[in-house]
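Chemist: Starting off with a structure, shown below.
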Amino acid sequence: MLAALKNFESAAWIVGVTVLAGLIGHFLVFKILQKMVRRTENVIDNSLVKHCYRPLQWAAVVLVIRLALPVVLPEEISAAGNHILSLLLIGFVSWLLIKLVYVMEDCIISRFRVDKRDNLRARKIHTQLRVLKRIVIIVVGIIALGTMLMTFNKVRQLGTTILASAGIIGIVVGMAAQRTIGTFIAGLQIAFAQPIRVDDVVIVENEWGRIEEITLTYVVVKIWDLRRLIVPITYFIEKPFQSWTRTTADILGTVYIYVDYTVPVDVVREQLQKILNASEIWDRKVCVLQVTNASERTMELRALVSAADASKAWSLRCEVREKLIDFIGENYPHTLPKLRAEFGEPGK
């Protein structure tokens, strides 16, 4: 009966200390973060409250319980409780470190936005940030797990044996994980050398699309018809591909029109200039019309136009092609391509 009463008292103390620690942790963390938000409308303050409130709250609760536990419980029970609380504290601190990475991401994204026209530097930084964020999360998780395991005496005793055979294990793991390590290194190359960046326009496997997501193992390409092409990240290190936004998003578009030899090229050239001047898509840089080829039936006119990016260039090409054909059909219908034939006996 006496032992049961002591156990009940111990349980009551644990519940009471937990509730008290929860209240202290809640109000302490909440008030501090609330004052930070009220003081300024800074992105970092809002991000800290959004991401770090929960891990800070639980870490504060565990810390208060750990400080109060030796006072209210016997030593043997307190030692076991301290071990459990140590594991929880390691977990919550790791959670907090991961959330701080998200805070850093919010601050960088707010400063370097990709929704601007000249977003080359922003896309470069976003690419590095996404890859490095995943690396940091994995490293923090591995360190946290290793630290938790080292709190157990039996696991710690195995450390000497593991270190003694580390050379053999390293060789075996290296051979087994050769492809994984190569993928990881490829991810680092993508992050720093940057053959591709987030929102780059590329042609991969004869598909036109934009880089939507870059992870440590694969890249997601959003194709023009909204399909997604999943490509291993090593593809962009080992194989050639087209990048339309490597140094700038500006791009030239070509329009080919086939007409009869009798078409007045200078008039068509002037009409091209008028079409582009009236277009909101044209960037006012390149406007060229040339005769680039001639066959026994038609001659080839090539209109060279420029736009701010690949999507606008495509729309501009379609607009120019449509309006030039309409102009020639309305004003010079006899110059449209035709097939000539003679009927009757030769010489008559």
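The values are calculated or read from the model by the stated rules, or taken from the named source; none is laboratory data. Note that the structure is a prediction, hence the values are computed from the model and not measured. Note that we place each Cβ from the backbone using ideal geometry, even for glycine, and neighbour counts take in every protein chain shown. When the accessible area is computed, the model is the full protein with side chains, heavy atoms only, and any ligands, DNA or RNA have been set aside. Shrake-Rupley method; radii C 1.70, N 1.55, O 1.52, S 1.80 Å.
Chemist: Within region 302-311, work out how many residues are closer than 13 Å to T245 by Cα and charged (D, E, K, R).
Modeler: Initial filter on region 302-311 (closer than 13 Å to T245 by Cα): 307-311.
Restricting the remaining residues to those that are charged (D, E, K, R) gives 309.
Qualifying residue count, region 302-311: 1.
Chemist: Go through (1) more than 17 Å from R134 (Cα to Cα); (2) within 14 Å of the chain's Cα centre (by Cα) and name the single condition V204 misses.
Modeler: (2)
Chemist: Return yes when D250 is among the charged types (D, E, K, R), at pLDDT below 85, within 30 Å of I328 (Cα to Cα) and surrounded by 14 or more Cβ atoms within 10 Å (Cβ to Cβ) and no when it is not. Give the steps one after another, and end with the answer.
Modeler: Details: among the charged types (D, E, K, R): yes; at pLDDT below 85: yes; within 30 Å of I328 (Cα to Cα): yes; surrounded by 14 or more Cβ atoms within 10 Å (Cβ to Cβ): yes.
Considered against the rule, which asks whether it is among the charged types (D, E, K, R), at pLDDT below 85, within 30 Å of I328 (Cα to Cα) and surrounded by 14 or more Cβ atoms within 10 Å (Cβ to Cβ), D250 comes out as yes.
Chemist: Would you confirm whether or not region 193-208 contains a residue that is in contact (Cβ under 8 Å) with a residue 24 or more places away in the chain, over 22 Å from K312 (Cα atoms) and touching a Phe, Trp or Tyr at 6+ places or on another chain (Cβ under 7 Å)? Break it down into steps so the answer makes sense when it comes.
Modeler: Just the residues of region 193-208 that are in contact (Cβ under 8 Å) with a residue 24 or more places away in the chain, to begin with: 194-205, 208.
Now restrict to residues that are over 22 Å from K312 (Cα atoms): 194-195, 205.
Now drop any that are not touching a Phe, Trp or Tyr at 6+ places or on another chain (Cβ under 7 Å), which leaves 195.
Yes, region 193-208 contains at least one residue that is in contact (Cβ under 8 Å) with a residue 24 or more places away in the chain, over 22 Å from K312 (Cα atoms) and touching a Phe, Trp or Tyr at 6+ places or on another chain (Cβ under 7 Å).
Chemist: Additional query: Are any of the residues in region 291-313 farther than 30 Å from T335 by Cβ and in a loop (DSSP other than H, G, I, E, B)?
Modeler: Scanning region 291-313 turns up at least one residue that is farther than 30 Å from T335 by Cβ and in a loop (DSSP other than H, G, I, E, B).
Condition check ((1) β-branched (V, I, T); (2) buried (at least 16 other Cβ atoms within 10 Å of the Cβ)) across all residues:
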position: P240; (1), (2): no, no
position: S243; (1), (2): no, yes
position: V259; (1), (2): yes, yes
position: L272; (1), (2): no, yes
position: S279; (1), (2): no, yes
position: L289; (1), (2): no, yes
position: E300; (1), (2): no, no
position: C318; (1), (2): no, no
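Chemist: Looking at (1) open to solvent by 50 Å² or more (accessible area, probe 1.4 Å); (2) farther than 30 Å from I251 by Cβ; (3) modelled with pLDDT under 75, which is the one condition that is false for D115?
Modeler: So the condition that D115 fails would be (2).
Chemist: Given (1) touching a residue at least 24 places away in the same chain (Cβ under 8 Å); (2) more than 20 Å from the chain's Cα centre (by Cα), identify the lone condition not met by L229.
Modeler: Against the list (1) touching a residue at least 24 places away in the same chain (Cβ under 8 Å); (2) more than 20 Å from the chain's Cα centre (by Cα), L229 comes up short only on (2).
Chemist: Hey, among I190, I203, I211, which residue is surrounded by 13 or more Cβ atoms within 10 Å (Cβ to Cβ), at pLDDT below 85 and touching a strand residue (DSSP E or B) at 6+ places or on another chain (Cβ under 7 Å)? Break it down into steps so the answer makes sense when it comes.
Modeler: Values: I203 fails: at pLDDT below 85; I211 fails: at pLDDT below 85.
From the options I190, I203, I211, the qualifying one is I190.
Chemist: Sticking with this structure for a sec: Are there any pairs, at least 6 apart or on different chains, whose C-beta atoms fall under 7 Å, with the first in region 259-278 and within 14 Å of N331 (Cα to Cα) and the second in a loop (DSSP other than H, G, I, E, B) and aliphatic (A, V, I, L, M), and if so, which?
Modeler: Cβ pairs passing all conditions: V259/L336; D260/L336.
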